[in-house]
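Okay, so here's the structure we're looking at.
The values are calculated or read from the model by the stated rules, or taken from the named source; none is laboratory data. Treat the numbers as computed from the prediction; the structure is a model and nothing was measured. Accessible surface is based on the protein model in full, side chains and every heavy atom, while ligands, DNA and RNA are left aside. Shrake-Rupley method; radii C 1.70, N 1.55, O 1.52, S 1.80 Å.
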Amino acid sequence: MGFGDSAAPVREADPVTVADMIGHYKRSKFMAEQVATRSGTGRANVVVVNPTTPVGEGDLKPTPTGRIIVDFLKKKFRHTWTPG
């Protein structure tokens with residue numbers, strides 16, 4: 001998914017480059033997807049799956065995503081939503 005410079009929603013068709021990826025892990029996933037996609041233009045069938053957020057036990061640091069979950073569980077987020 002591309003990154004936008006405006007308030008308009010981004011779409012999967014919006015351009016994105018390896019330079020937009022932060023960290024070795026994201027860059028390697030991006031580059032692997034490009035290789036797989038190019039391979040799929042020949043005779044191979046290719047399906048690319050992009051999990052939005054891997055979450056699980058063993059997130060010891062925690063990662064930035066893990067920190068959001070931990071902070072939520074410790075009630076460090078204010079919220080205005082009420083069930084109804």
Gained length - Glu33 relative to Val18, 0.36 nm times residue gap less alpha-carbon distance = 4.3 nm
To the nearest 10 degrees, the tilt of helix 24-39 (Cα long axis) against the first principal axis of the alpha carbons of the chain is 40
Accessible surface of the stretch 20-84, 1.4 Å probe, proportion on carbon and sulfur as whole % | 59
For Lys29, list the aspartates and glutamates whose Cα falls under 17 Å from its own Cα; do not include residues on the same chain fewer than 8 positions away.
-> Glu12, Asp20
On average, how much accessible surface per residue is there in the chain, in Å², for a 1.4 Å probe, leaving out ligands, DNA and RNA?
-> 95
Helix-derived [θ] at 222 nm for the chain: sum -39500 (n - 2.57) over DSSP H runs of at least 4, divide by residue count, nearest 500?
-> -10000 deg cm²/dmol
In degrees, nearest 10, the alpha-carbon axis of helix 64-73 is tilted away from the dominant principal axis of the alpha carbons of the chain by 30
